[in-house]
Amino acid sequence: MIASLSFGNFFPTRSPLQWVTAQLSASCSARLYGFWELRPLIPFSGGTCLEGGYRGSPVGGICVDMSGMNKIIEIHEADSDLVCQPGVGWMEINKTLQRKGISLFFPIRSTIGALDPGPGATIGGMMSSGSSGTNAVRYGTAKGEWLLNATVVLPSGEVIKTRQSPRKSAAGFYITKLFIGAEGTLGIITEVTIRRAPVLPTTVAIVHFPDVKRATEAIIDVINRSVGTQCIELCDSEFMRSINLCGASQRKCPEQDSLFFKFQGPTSAKIIKEIAQKHGGTDYQLARTEKEALDLCADRENAIYSGLALLEGSRGWSTDVW
Ligand SMILES: Cc1cc2nc3c(=O)[nH]c(=O)nc-3n(C[C@H](O)[C@H](O)[C@H](O)COP(=O)(O)OP(=O)(O)OC[C@H]3O[C@@H](n4cnc5c(N)ncnc54)[C@H](O)[C@@H]3O)c2cc1C
């Protein structure tokens, strides 16, 4: 049942012995400890992780569904941070801030486009999978300093808060980071304080290159020129073929090695175009409206569906670059 939620996951499923829904508080952490003594506890949240970290273990286990713990607890506007439960989605957070007229966002994921990678991902899951998104060029990843602290129920039943939330650092072990990317193996996260960044206007462009080497040289040049780049995504010719097969956007793309750029600032577009041309880039297309930007982004953001379109009946096997 669980793995079937992860359409892109190649690995076979193992069902947990039991599924429990969490409304964790300090008082029930002792009972949780009791469960933990019997079988592994496997937290489940948005169910979007492509590596299937929430699958049952070979000895069975108890799946703890955290998706109901989905409240934003406090918004600290003056401190640019926000306290939330682990089951709240990054999209919900950004929408709430927008609705309240607060021009700050949680930048690990894009602000453009509802179909950004992992749209159903939640803060607890993102923290536990050390996730990132297309904004990593400008803002870094969950492994940066966007997750200021967390409250965690440990396998011993003890509840800890990893640190307070000042920006300043101090000597001592960075306990918060232990839980970033731990995939629920070290404890269950029940509350997180996240940092937010100002929303700045962005636009997007796509440009095509004769080969990956030239495209890569253009990336190095752009990064070293300190242009206000928020994201740069390299899609090779095979991937561009898959985009055309999948047909997420209205356009047909040249099936060439290509770069998608998202950038801030009025002069960035011109500089990026010049750099791209210097490295053999052709057919530079800049989105002039938000609708055009969404359409351009849709091609990259549907990457997994496009990849799967290459081979009928295929399933995803995601890998990481370390
Ligand atoms: C289309 C698509 C594109 C994606 N693109 C990217 C990408 O570009 N970059 C990237 O980094 N990721 C990407 N992802 C993966 C995404 O980052 C993860 O899916 C997401 O971070 C997991 O969040 P989740 O809420 O769905 O967690 P789940 O999938 O439910 O769980 C993820 C892991 O966290 C653990 N966990 C969940 N909640 C808790 C908790 N409260 N306490 C402790 N452990 C917990 C689970 O046991 C599991 O090991 C993509 C996913 C999709 C579907």
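The values are calculated or read from the model by the stated rules, or taken from the named source; none is laboratory data. Bear in mind the structure is a predicted one, so any value in this text is a computation, not a measurement. Note that we place each Cβ from the backbone using ideal geometry, even for glycine, and neighbour counts take in every protein chain shown.
Within the bounds of segment 262-278, is there any residue that is within 30 Å of Pro198 (Cβ to Cβ), at pLDDT below 95 and within 16 Å of the ligand (Cβ to nearest atom)? Within segment 262-278, one or more residues are within 30 Å of Pro198 (Cβ to Cβ), at pLDDT below 95 and within 16 Å of the ligand (Cβ to nearest atom).
Might you check whether a residue that is within 19 Å of Pro201 (Cα to Cα), in the same structural domain as Arg225 (by TED's automatic domain parsing) and among the aromatic types (Phe, Trp, Tyr) occurs anywhere in segment 279-287? Within segment 279-287 (the criterion being within 19 Å of Pro201 (Cα to Cα), in the same structural domain as Arg225 (by TED's automatic domain parsing) and among the aromatic types (Phe, Trp, Tyr)), the answer is no, since none of the residues qualifies. Examine segment 283-292 for a residue that is outside any helix (DSSP H, G or I) and buried (at least 18 other Cβ atoms within 10 Å of the Cβ), and state whether such a residue exists. Looking for residues that are outside any helix (DSSP H, G or I) and buried (at least 18 other Cβ atoms within 10 Å of the Cβ), one finds at least one in segment 283-292, hence yes. Restricting attention to segment 166-191 and to residues that are away from the ligand (no atom under 13 Å from the Cβ) and hydrophobic (A, V, I, L, M, F, W, C), the residue that is surrounded by the most Cβ atoms within 10 Å (Cβ to Cβ) turns out to be Ile175. Among the residues examined, Leu311 qualifies as more than 16 Å from the ligand (Cβ to nearest atom), more than 17 Å from Gln230 (Cβ to Cβ) and surrounded by fewer than 19 Cβ atoms within 10 Å (Cβ to Cβ). The C-beta contact set for segment 81-99 (first residue assigned by TED's automatic domain parsing to the domain that holds Trp146 and of a type outside the set (Asp, Glu), second residue in a helix (DSSP H, G or I) and near the ligand (Cβ under 9 Å from one of its atoms), distance under 6 angstrom, 6+ apart or interchain) comprises Cys84/Ile123; Pro86/Ile123; Pro86/Gly124; Val88/Ile123. Listed by position, the helices (runs of 4 or more DSSP H) contained in segment 169-274 that have at least 2 residues being under 19 Å from the mean Cα position of the chain (by Cα) are 175-179. Scanning segment 194-233 for residues that are under 30 Å from Gln164 (Cβ atoms) and among the hydrophobic types (A, V, I, L, M, F, W, C) yields a count of 4.
Remark: Ala215 matches the filter, which requires a residue to be touching a residue at least 12 places away in the same chain (Cβ under 8 Å), among the aliphatic types (A, V, I, L, M) and under 28 Å from Ala298 (Cβ atoms).
From the list Ile93, Ile180, Ile188, Ile175, which one is in contact with a Pro (Cβ under 8 Å, 6 or more places away or on another chain) and modelled with pLDDT of 90 or more? After ruling out the rest, the residue left standing is Ile188.
Could you say whether any residue in segment 212-222 is surrounded by 20 or more Cβ atoms within 10 Å (Cβ to Cβ) and closer than 24 Å to Asp79 by Cα? Scanning segment 212-222, I find no residue that is surrounded by 20 or more Cβ atoms within 10 Å (Cβ to Cβ) and closer than 24 Å to Asp79 by Cα, so the answer is no.
In this structure, does Ser258 turn out to be of a type in the set (Ser, Thr, Tyr) and touching a residue at least 12 places away in the same chain (Cβ under 8 Å)? Yes. Here Gly125 meets each of (1) out of contact with any helix residue (DSSP H, G or I) (no Cβ under 7 Å at 6 or more places or on another chain); (2) more than 13 Å from Gly47 (Cα to Cα) with one exception, condition (2). Here Arg163 passes the criteria (1) more than 10 Å from the ligand (Cβ to nearest atom); (2) touching a residue at least 12 places away in the same chain (Cβ under 8 Å); (3) farther than 19 Å from Ile75 by Cα except the one numbered (3).
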